[in-house]
Amino acid sequence: MIQVLARVPLYQLSRKLGWPPMLPVNLTITPSPRCNSRCVTCNIWKKQADELSLEEWDKVFRSLGHVPYWVTISGGEPFLNREIVALCQSLYEHCRPGIINIPTNGLLQAVIPDAVEAIARSCPGSQIIVNLSLDGVGDQHDRLRGVPGNLTKFEKSYRALKRLRCPNLSIGIHSVISTFNVDDMAPLYDHAFSLEPDSYITEIAEERVELDTVGLEITPSLEQYSKAIDLLVNRIAEQRFRGISKVTQAFRAEYYRLVKAVLARQTQVIPCYAGWASAQIYADGQVWPCCVRADSLGNLRDVGYDFRRVWFSEKAQRVRQSIKNKECHCPLANASYTNMLCHYPTLFKVGWQVLTGDIRRSGNIGRNVTAAMEATG
């Protein structure tokens, strides 16, 4: 993480002046949109793509080198890919990321534990984070996920993963807060924490080009979300975290406040670094700054899988300018955490919360700093 923070001034310069050229520290890859869930908040399962082969991904990772620190292997459902272990091994061989994050719906309970153990043991220098989706208690989870028996399979996968003894493996739970469950979050929090995950995180349902959800009324109102997320922040504040978990929870509490601010102001609240510090590679080789707008910067197949040729193209520069001009805004969690790392006032507030031990307050001492720095862009 220290090497990531050391690059922050360079990303800030790159965003402001266009120099130096920087590759993304936060990378999401989507090997396939295929999914065995039928979620009410996501239609990616309807999509098809001419998917990159394992050999093609190997060339992409080689072109990136040891730059991405945090890599998310997204979907669809990542564990439908029979080559996911080999994919992670190729990623590790060429990029050596500090974190490999894999979300899953937990349905493939006969496949997931063995695959995760193989990934963790073959990528010993990376922290492997597997987050299982949990959106409701009892039948509600199955209804929201569109698969009968989903909760039972989630529980089997979760218990099997928690039994693994890999020092670099963390098992978390992830919930999507949508219009369908926003009023039922208290029992969901109770159930999630009763399972004693290594981490628990929520994300707000949003309209994304990638998920084919543009125009769907799945995002809760500011009032609904605020009520639900304040319950979670208070719940987290009652826990006693130590070490890196204390820092992680402080970042998450600040992210939840950021989401509320974006919903209230309908604009970028802190500068967005999608296109500079974060990026996504879709299944067919297209490079996006993020999955919300999904602007294609180019296709890696057209440039011999050389990521730099797409990332530093004129088309990429035009999309970055649009983002810099605040022609979009969103509470996308993955990109938001990178934005927070690149925003000194947010880092200051998170540090203050860690020092004081109170994540329920943003810290008045940081607000004047935030206002002054945001005024300069």
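So that you can scan it fast, the table gives a plain yes or no per residue for (1) farther than 30 Å from residue 65 by Cα; (2) in contact (Cβ under 8 Å) with a residue 24 or more places away in the chain; (3) part of a loop (DSSP other than H, G, I, E, B):
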position: 93; (1), (2), (3): no, yes, no
position: 106; (1), (2), (3): yes, yes, yes
position: 113; (1), (2), (3): no, yes, no
position: 128; (1), (2), (3): no, yes, no
position: 141; (1), (2), (3): yes, no, no
position: 166; (1), (2), (3): no, yes, yes
position: 189; (1), (2), (3): yes, yes, no
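In the list 263, 297, 231, 258, which residue meets the criterion of being open to solvent by 60 Å² or more (accessible area, probe 1.4 Å) and either touching a Phe, Trp or Tyr at 6+ places or on another chain (Cβ under 9 Å) or farther than 30 Å from residue 61 by Cα (or both)? First the steps, then the outcome.
On the way: 263 fails: open to solvent by 60 Å² or more (accessible area, probe 1.4 Å); 297 fails: open to solvent by 60 Å² or more (accessible area, probe 1.4 Å); 258 fails: open to solvent by 60 Å² or more (accessible area, probe 1.4 Å).
Going through 263, 297, 231, 258 in turn, just one is open to solvent by 60 Å² or more (accessible area, probe 1.4 Å) and either touching a Phe, Trp or Tyr at 6+ places or on another chain (Cβ under 9 Å) or farther than 30 Å from residue 61 by Cα (or both): 231.
Starting from the range 291-313, take each residue that is over 23 Å from residue 94 (Cβ atoms) and list its partners that are assigned to a helix (DSSP H, G or I), counting only C-beta distances under 7 angstrom and pairs at least six apart or across chains.
295/319
(1) open to solvent by 30 Å² or more (accessible area, probe 1.4 Å); (2) touching a helix residue (DSSP H, G or I) at 6+ places or on another chain (Cβ under 6 Å): which one isn't true of residue 223, the others all being true?
All conditions pass for residue 223, except number (2).
Which of the numbered conditions does residue 327 fail, given that it passes all the others? Conditions: (1) free of Cβ contacts under 8 Å to residues at least 12 places away in the same chain; (2) assigned to a helix (DSSP H, G or I).
(2)
Would you mind finding the one in 182, 247 that is β-branched (Val, Ile, Thr) and more than 19 Å from the chain's Cα centre (by Cα)? Can you show your working first?
Values: 247 fails: more than 19 Å from the chain's Cα centre (by Cα).
None of the other options fit; the residue is 182.
For the range 260-270, does any single residue satisfy the condition of being touching a helix residue (DSSP H, G or I) at 6+ places or on another chain (Cβ under 8 Å), part of a strand (DSSP E or B), closer than 30 Å to residue 11 by Cβ and not hydroxyl-bearing (Ser, Thr, Tyr)?
no
Among the numbered criteria (1) within 21 Å of residue 26 (Cα to Cα); (2) more than 19 Å from the chain's Cα centre (by Cα); (3) polar (S, T, N, Q), which one does residue 74 miss?
Just one mismatch for residue 74, condition (2).
Among the candidates 218, 236, which residue alone is within 17 Å of residue 255 (Cα to Cα) and open to solvent by less than 40 Å² (accessible area, probe 1.4 Å)?
Details: 218 fails: within 17 Å of residue 255 (Cα to Cα).
That would be 236, the only listed residue that is within 17 Å of residue 255 (Cα to Cα) and open to solvent by less than 40 Å² (accessible area, probe 1.4 Å).
Can you list residue pairs whose Cβ atoms sit under 8 Å apart, with the first residue in the range 1-16 being assigned to a helix (DSSP H, G or I) and the second being surrounded by fewer than 12 Cβ atoms within 10 Å (Cβ to Cβ) and at pLDDT 90 or above? Count only pairs 6 or more apart in sequence or on different chains.
From the range 1-16, the pairs are 10/20; 13/19; 13/20; 14/20; 14/21.
The values are calculated or read from the model by the stated rules, or taken from the named source; none is laboratory data. Quick caveat: nothing in here was measured; it's all calculated off a predicted structure. Reconstructed Cβ throughout: ideal geometry from the backbone, glycine too, with neighbour counts over all protein chains shown. The accessibility values were calculated without ligands, DNA or RNA, using every heavy atom of the protein model including side chains. Shrake-Rupley method; radii C 1.70, N 1.55, O 1.52, S 1.80 Å.
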